[in-house]
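Take a look at the structure below.
The values are calculated or read from the model by the stated rules, or taken from the named source; none is laboratory data. The shown structure was predicted, so the numbers you read here are calculated from the model rather than taken from an experiment. Cβ atoms come from the backbone with ideal geometry, glycine included; neighbour counts cover every protein chain shown. Areas reflect the complete protein model, heavy atoms only, side chains present, ligands, DNA and RNA absent. Shrake-Rupley method; radii C 1.70, N 1.55, O 1.52, S 1.80 Å.
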Amino acid sequence: MTHRHVHQPAFLARATRGGGRFVPPQVKFAGLERVLRFGLVIRGIIYFLPGAFALEWALGRAREPMTSIGVIGRIGQQRLGVTFLILIATGLAAYAAWGLVRAISDPVGHGRSFRGMVLRWGYAADTIGYVALLVATLRLLSSSPESNAHGHEWSLDILARPFGGLLVAAVGLGALLGSGVGQIVTGLRRGFLQELELEHMDRHERHWAIALGSVAHVAHGIVSSVVGFMFIAAARHGPSPFGTGLDGALSELANQPFGRVLVALAGLGLMTFGVYSALTSRWMRMRRLTDAVGLTPAVVGIPPVPGRGPHAAPET
């Protein structure tokens, strides 16, 4: 009987030399994947609450729509507010990291086609937005939440710098095409299904995942398109009096004919996207971070887990 010799990578040999116990990269990164999934929950909260406040305003129950930063500031004013802000900052950092991985390493497999590159550009634009929210949250942690409840327009800082207008325009174009039009097309064509682990769902859960995902992506895409337009307009003509980002988009919609109806629809859409985002913490197909950095199971000589690896059969 012949024994096949399997080459042992240098880092594996060093880890096991002297009787040491080697911990596979998949195990090491399992905790990090949980943090990334927690980031999806935080993203859901960041979208759901402004949507709920927008709906309240549209129904005449609030004086004005509340921004994402305003929601975070309100949370910071509650009992155990510092603890909540730390959790929010952790989730925002995690989701920003996941957005960067999706933009650069493309773990879902959008590819280098025009549509794939547009979507990845949108991920990069979203990442910048979540980093801005993270910075605002850290500012709240370092000062009084009451004094910073309305946040700070990061785009104003960038516009004041050399080539700042080009950078803001690039972010706006990414939000318009990738997070806006790209997400609308993804929702209508159900392109988001490749990101979900449908094979691990029962029939009812799969039905809700598809229905929520379709509505959520279209709603998110419409709002993101407005956000993108406002960033591009700010780069060309200066900041809008309504501001930029989600708050500016809601304020812009409110000043249109039938503004309250538009804001109500946007609020419902944001709430739907928030619910969907939180649920994707369970549904999202995250290729192991070892795959994203090139440490696949084949490289380390460890058999992949059936149905969970990067070469699992796509959903039909």
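Remarks
- Note on surface exposure: PHE192, PHE258, PHE53 rank PHE258, PHE53, PHE192 by accessible area, highest first, 1.4 Å probe.
- Charge sum, other residues only, whose C-beta stays under 15 Å from VAL215's C-beta, Lys/Arg counted +1 and Asp/Glu -1: +2
- FRET efficiency estimate (nearest 0.05) - Cβ-Cβ, ILE86 to VAL185, R0 25 angstrom: 0.10
- Local electrostatic count at ALA264 - Lys and Arg +1, Asp and Glu -1, tallied over other residues with Cβ under 13 Å: +1
- Taking all protein chains together and a 1.4 Å probe, the residues ILE75, ILE128 rank ILE128, ILE75 from largest to smallest accessible area.
- Potential extension, GLU205-VAL135 segment - 0.36 nm per residue separation minus Cα distance: 21.6 nm
- Per-bin percent of Cα-Cα distances, the stretch 43-139 [10 Å]: 16, 37, 28, 16, 3
- Across the stretch 27-86, counting alpha-carbon atoms alone, Rg and Dmax equal 14.8, 51 Å.
- ARG61 paired with ARG74, simple spin-label distance in nm, labels 7 Å along Cα-to-beta-carbon: 1.1
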